[in-house]
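The structure appears right after this line, and notes come after that.
Nothing in this text is a laboratory measurement; each read-out follows from the coordinates by a stated rule. Predicted model only: the values in this text are computed from it and were never measured. Cβ sites come from the backbone with ideal geometry, for glycine too, and all protein chains shown count toward neighbours.
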């Protein structure tokens with residue numbers, strides 16, 4: 001029975017990994033590098049979020065003024 005299961009798993013391993021969304025050695029091998037890239041991107045994203053929020057506030061203020069004119 002064990003030989004049958006081992007052969008089945010060997011034949012279906014790629015599909016099992018995909019279906020169960022399991023990590024592979026390749027996925028994990030560069031994990032720290034990908035994490036560092038993300039950590040460095042966080043300050044830029046925070047700055048973008050702040051700038052976008054300021055711009056949105058400015059646009060909302062302008063829209064309110066325009067509504068008052070109509």
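Nearest 10 degrees is fine. How inclined is helix 31-69 to the longest principal axis of the chain, computing both from alpha carbons?
Roughly 30 degrees between the two axes.
Measure out, as a whole number of angstrom, how far apart the alpha-carbon centroids of the range 19-34 and the range 44-65 sit.
Using only Cα atoms, the two centres lie 37 Å from each other.
Tell me which label goes with the value of Cα Rg over 2.2 N^0.38 Å computed from the coordinates here: (1) 1.50; (2) 1.19; (3) 2.33.
Only one option fits the structure, namely (3).
For helix 2-20, what angle does its Cα long axis make with the longest principal axis of the chain, in degrees from 0 to 90 and rounded to 10?
10
Under a plain spin-label model, where a point goes 7 Å from the Cα along Cα-to-Cβ, how far apart in nm are residue 47 and residue 25?
Between residue 47 and residue 25, the label points sit 4.0 nm apart.
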